[in-house]
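What follows is calculated from the coordinates using simple rules that are stated; it is not laboratory data. Keep in mind that what you see is a predicted model, and the values were worked out from it rather than measured. Note: ideal-geometry Cβ built from the backbone for every residue, glycine included; neighbour counts use all protein chains shown.
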């Protein structure tokens, strides 16, 4: 009985397994253009795993048009990837898809790309991309058809001793690897061999070139170089290594060879940027100092500074800014724009001076009605002067606001007052200078002193001015003080301080007012030409 039950149970279990196997084998595989939830492209999977937003068919992906394999070409990078589904190439990689293998497509043909001292076996487009990335010229060789041969051509610019036989003598030239290879092909010399990093004077090369052949300067280089007896360049001149065998064997940087300190007087390691370069002086090649001496001061090579030109401190008429340059031991002068339309600015970093001519931004100074805008260095070159306002209302009241926002008798004028062609008709000189023209109105109260002593009388406040001041809400005493002339003393004599203040205002506008020019000559006008006249005296003259 026990055996029979076990047999029946075994049949039941086998039947269950058979049913499960039948269910699994009944599932159909689909080619999903895209798997759900950001899954991969072009994958064989059950239909329920396919993303409904994309295509899917009950067949293998190799048999579909959208997932068939081919070569994906990146036209910008110049790369070709084989066995790539079309949809992956076009949508995900942004490439250009072609049916077939890479070696069948002209865009994917490989060649040798030489970049500096490196080499890569890539497409021509990829070579151009790499060359552009490193800022080098494209050197693409289609005659090299294997990667091994391409790599062997790397480092064409590395230097060394090119040893060869000529007229039964073993001699040498210091060349690049590429130059030596080209000489082997075209020159007809025998036994041509390149020895990277070696000098032709190396004893182990057993050539007819020896050390101590003199010194020389090389065009395009700063240093003084040793020469071997064949006229080849050796290492940088160092008087302490004339008899050093290692220094005459390897190019500096190879075999532990170091170059001497440029600060040493026995060293030919000149540095143009530090102010020295190779020059022949009295038959000897030395590191020539490129610094300059100007007006008792020393300037480094490449330094620039602002000249102390005549009259430029006070921006006198005729003055002009200049930029000085120390270059190759000589000082040259570069003028900034005339009429002080450019100014020279100078800075210093670690004792190295630099200067430049910069546009003088004075043109809209006169229109500024507040101190904040006037002194905005990012927009203009202006300053505030006190005592007179260019901008006033119809009653002569200043429209200028100081830093606290209060009305002030101030004006915004150029920081570097410009020059004008005042001798030319139709220029801006007259209109701009007229901004500084002012009139000081003086009221007198006639009395006995005028008739008996000949004096004009007592100075009193201007009534119209006082009334206007009161209308604005001013106090009586303040208004009377404001409206009493400030240009004369109690006897009616013109004050020197007012005269100087007004002239300073005129001069600040540009080539206006009374001043000396940049060479100390007086101008056409003088403040003594001002006419002080009362209304009665004016009537008498008329």
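What are the extents of the Cα atoms of region 357-439 along their three principal axes, listed from largest to smallest and rounded to whole Å?
Per principal axis, max minus min of the Cα coordinates gives 39, 34, 16 Å.
Residues of region 261-293 with amide nitrogen under 17 Å from the 7 Å Cα-to-Cβ point of residue 221?
Within reach of a label on residue 221, which here means backbone N under 17 Å from a point 7 Å along Cα→Cβ, region 261-293 contributes 261-262, 267-273, 276-280, 285-288.
Mind jotting down the three principal axis lengths of the chain based on Cα atoms? Whole angstrom, largest first.
Taking max minus min along each principal axis of the Cα atoms, the chain gives 157, 97, 52 Å.
Taking the Cβ-Cβ separation of residue 404 and residue 352 as r and a Förster radius of 41 Å, what is the calculated FRET efficiency to the nearest 0.05? Mind showing how you got there, number by number?
Values: r = 42 Å, r/R0 = 1.02.
Efficiency computed from Cβ-Cβ geometry: 0.45.
Compare the peptides 138-145, 509-516 by average per-residue count of other Cβ atoms within 10 angstrom and give them in order, highest first.
On the way: 138-145: 14.1, 509-516: 21.5.
By packing density, highest mean first, the sequence is 509-516, 138-145.
Mean separation of Cα pairs under 8 Å and 6+ residues apart, divided by the residue count of the chain: what relative contact order is that in percent? Present the calculation step by step, with values, prior to reporting the outcome.
Numbers: 1038 pairs, mean separation 29.3, N = 542.
With pairs under 8 Å counted, the relative contact order is 5 percent.
Mean separation of Cα pairs under 8 Å and 6+ residues apart, divided by the residue count of region 292-359: what relative contact order is that in percent? The partial results should precede the final answer.
Values: 139 pairs, mean separation 20.6, N = 68.
The normalised contact order for region 292-359 reaches 30 percent.
Label residue 258 and residue 458 with points 7 Å out from Cα along Cα→Cβ: what is the distance between them in nm?
9.5 nm
Ratio of alpha-carbon Rg to the 2.2 N^0.38 Å globular estimate for region 111-152, to two decimals, please.
Values: Rg = 9.2 Å, N = 42, 2.2 N^0.38 = 9.1 Å.
Expressed relative to 2.2 N^0.38 Å, the Cα Rg reads 1.01.
Expressed as a rounded percentage, what relative contact order does region 111-152 have, with Cα pairs under 8 Å and six or more residues apart? All intermediate terms of the calculation are to be shown ahead of the outcome.
Working: 64 pairs, mean separation 21.2, N = 42.
Contact order relative to length: 50 percent.
Give me the number: length gained by fully extending residue 179 to residue 372, i.e. 0.36 nm times residue separation minus the C-alpha to C-alpha distance, one decimal in nm. Mind showing how you got there, number by number?
On the way: separation 193, 0.36 × 193 = 69.48 nm, distance 6.78 nm.
Separation in residues times 0.36 nm, less the Cα-Cα distance, equals 62.7 nm.
Just grab the label-to-label distance for residue 37 and residue 521, each label 7 Å out from Cα along the Cβ direction, in nm (one decimal).
9.3 nm
How many nm separate the modelled label positions at residue 496 and residue 330, each set 7 Å beyond the Cα in the direction of the Cβ?
According to this spin-label approximation, the distance is 5.2 nm.
With 10 angstrom as the radius, rank 47, 406 by how many other C-beta atoms surround their C-beta, starting from the fewest. If you can, show how the numbers build up before the last one.
Values: 47 14, 406 8.
Ordered from fewest to most neighbouring Cβ atoms within 10 Å, 47, 406 come out as 406, 47.
With a Förster radius of 45 Å, plug the Cβ-Cβ distance of residue 245 and residue 77 into 1/(1 + (r/R0)^6) and report the FRET value to the nearest 0.05. Each step should come with its number before you reach the end.
On the way: r = 50 Å, r/R0 = 1.12.
Calculated value: 0.35.
Taking 10 °C and 1.306 mPa s as the conditions, I'd like the Stokes-Einstein D for region 292-359 in µm²/s, using the Kirkwood hydrodynamic radius from alpha carbon pairs.
129 µm²/s
Return, for the Cα atoms of region 159-286, the radius of gyration and Dmax in Å, separated by a comma.
Both quantities, over Cα of region 159-286: 15.3, 47 Å.
Sorted by average packing, counted as other Cβ atoms within 10 angstrom per residue and highest first, what order do 273-286, 62-75 take?
Working: 273-286: 15.2, 62-75: 17.5.
Ranked from most to least packed, the peptides come out as 62-75, 273-286.
Kindly provide the helix-only [θ] at 222 nm of the chain, computed as the sum of -39,500 (n - 2.57) over DSSP H runs of four or more divided by all residues, to the nearest 500 deg cm²/dmol? Intermediate results must be reported in sequence, preceding the final value.
Working: 11 runs with 101 residues, N = 542.
After summing the helix terms and dividing by the residues of the chain, the value is -5500 deg cm²/dmol.
What length, rounded to one decimal in nm, is gained on full extension from residue 438 through to residue 167, with 0.36 nm per residue of separation minus their alpha-carbon distance? It would help to have the intermediate numbers written out before the result.
On the way: separation 271, 0.36 × 271 = 97.56 nm, distance 9.78 nm.
Residue separation times 0.36 nm, minus the Cα-Cα distance, leaves 87.8 nm.
Between residue 477 and residue 383, what is 0.36 nm times their sequence separation minus the Cα-Cα distance? Round to one decimal in nm.
Extra length available between residue 477 and residue 383 comes to 30.6 nm.
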